[in-house]
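Student: Here it is: the structure, laid out below.
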Amino acid sequence: MNRILYLIIGLIGFGAIQAQDKQLTDMYQKQEFEKLLKKTETLITKDPSNLFAYYYKSLSLYEMALLPERYAQVSENPLEQYLQTLSKLRKNDEDGSFMNEHKDTIKMMRKYAEDIAKETVNTNKTKAIRLYRLIYKISTDEMNTLTTVEIYLKVGEINSAFFEIDNMYSYDKSNGADKALVEAPMFMMSHWMFKDLFIIA
């Protein structure tokens, strides 16, 4: 009897999740982005592990980022917000299956952010660096030295990139704590930083 009861409760719960997903999908298809944003924020407050809520929140913010002037009163910076939301989605997606299932859409959102970051390099390098950091966090929290160096190279801060690597080599190398010490020479060669590589060598 108990097994049947658990099965019924499970089916009810599954049905509720499906209904919720359909509701969010309908809002998105009807382009009710403000309404969708509020709904997902409410759902996340109730359940901080709700993957569908994070996903549709990032989608609503992405759409707002495409037309920031129209949604200026809703969100001051929808681009950074949807990148942060995707990072939270990845952290809550323990086995990565949800991110993988929606990888094409997430790739599209990441590509748009990368394009904006490239444009921002010419006007505000500090903002571009911040955007690139948020873009990397969609995939990982491991922002090691080489990741920082790569970001500096993307924004044209060659000296900052070199100093990051130089500082890394000034640490005690006997403990082997930072595997980037080993990877750095190959990284520098692949980015044509031969002069800097010889200086460190």
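The values are calculated or read from the model by the stated rules, or taken from the named source; none is laboratory data. The structure presented is a predicted model; accordingly, all values stated were derived computationally and were not measured. All Cβ positions, glycine included, derive from the backbone under ideal geometry; neighbour counts span all protein chains shown. Just the protein is used for accessible areas: all its heavy atoms, side chains included, with ligands, DNA and RNA removed. Shrake-Rupley method; radii C 1.70, N 1.55, O 1.52, S 1.80 Å.
Student: Being buried (at least 16 other Cβ atoms within 10 Å of the Cβ) and either within 23 Å of Gly96 (Cβ to Cβ) or charged (D, E, K, R) (or both) is the filter; apply it to the stretch 134-146 and report the residue that is modelled with the lowest pLDDT.
Tutor: Only one residue fits best here, namely Leu146.
Student: Do you know which of the residues in the stretch 26-52 that are open to solvent by 40 Å² or more (accessible area, probe 1.4 Å) and touching a residue at least 12 places away in the same chain (Cβ under 8 Å) is nearest to His102 (Cα to Cα)?
Tutor: Among those that are open to solvent by 40 Å² or more (accessible area, probe 1.4 Å) and touching a residue at least 12 places away in the same chain (Cβ under 8 Å), it is Phe52.
Student: To continue, here is another question. One residue is enough: does the stretch 94-106 have a residue meeting the conditions open to solvent by less than 30 Å² (accessible area, probe 1.4 Å), of a type outside the set (Gly, Ala, Ser) and under 13 Å from Tyr62 (Cα atoms)?
Tutor: yes
Student: Buried (at least 18 other Cβ atoms within 10 Å of the Cβ), at pLDDT below 95 and of a type outside the set (Gly, Ala, Ser): which single residue out of Tyr6, Tyr71, Tyr55, Tyr82 fits that description?
Tutor: Answer to the selection: Tyr71.
Student: Just need a number here: residues in the stretch 107-133 that are open to solvent by 30 Å² or more (accessible area, probe 1.4 Å) and closer than 25 Å to Tyr56 by Cα.
Tutor: Qualifying residue count for the region: 10.
Student: Related question: Please go through (1) farther than 19 Å from Leu83 by Cα; (2) at pLDDT 95 or above; (3) not aliphatic (A, V, I, L, M) for Lys111 and return the number of the only condition it doesn't satisfy.
Tutor: (1)
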